[in-house]
Amino acid sequence: MSYGVSHEAVQKLKNGQDMLINLSRDVLEEADRVFDRLIVINLTAPKDVLLSRLEKRGREPIKDIKARLEHQVAPLPKSLQIYEVPNDHHISETLSEIENILFKESQNYERNFA
């Protein structure tokens, strides 16, 4: 499972095209230096919701799931523009909130740079 952003996508981003990209926390500061207008949409859910979702997937034993959920996640760098989006309700609500964030960001950009 090689994760990464293709050279083609990087070029499109550098040419001003907007994209949603799933990135590791470890590369967010570097991405912020490389790309203009980087925003972070951090999806969150309570541990009990995550536990239920991971159990339903059936990919790993419950003890591994619980250990995974107890793992401390590094905080996001404070230098980034971060939107916290709760992902513990219906997917349509989560998507609507993300769309609202993207629309707001688009409007801010047009107002400031048009």
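No value in this document is a laboratory result; all are computed from the given coordinates. Since the model is a prediction, treat every value here as computed from it, not as a measurement. Note that each Cβ is placed from the backbone with ideal geometry, even for glycine, and that neighbours are counted across all protein chains shown.
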Anything in region 40-57 that is in contact (Cβ under 8 Å) with a residue 12 or more places away in the chain, surrounded by 13 or more Cβ atoms within 10 Å (Cβ to Cβ) and either hydrophobic (A, V, I, L, M, F, W, C) or farther than 30 Å from HIS7 by Cβ (or both)? List them, or say none. VAL40, ILE41, LEU43, ALA45, VAL49, LEU50, LEU51, LEU54
What do you reckon, is TYR109 surrounded by 13 or more Cβ atoms within 10 Å (Cβ to Cβ), hydroxyl-bearing (Ser, Thr, Tyr), on the phi < 0 side of the Ramachandran plot and in a strand (DSSP E or B)? no
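With respect to GLU60, determine if the residue is acidic (Asp, Glu) and either surrounded by fewer than 10 Cβ atoms within 10 Å (Cβ to Cβ) or under 25 Å from LEU13 (Cβ atoms) (or both).
It is false that GLU60 is acidic (Asp, Glu) and either surrounded by fewer than 10 Cβ atoms within 10 Å (Cβ to Cβ) or under 25 Å from LEU13 (Cβ atoms) (or both).
Hand me the list of helices (runs of 4 or more DSSP H) wholly inside region 1-98 holding 1 or more residues that are closer than 30 Å to ARG111 by Cα.
Numbers: elements: 7-14, 28-34, 47-57, 62-70.
Counting at least 1 such residues, we get 7-14, 28-34.
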Is it true that some residue in region 97-108 is of a type in the set (Phe, Trp, Tyr) and in contact (Cβ under 8 Å) with a residue 24 or more places away in the chain? no
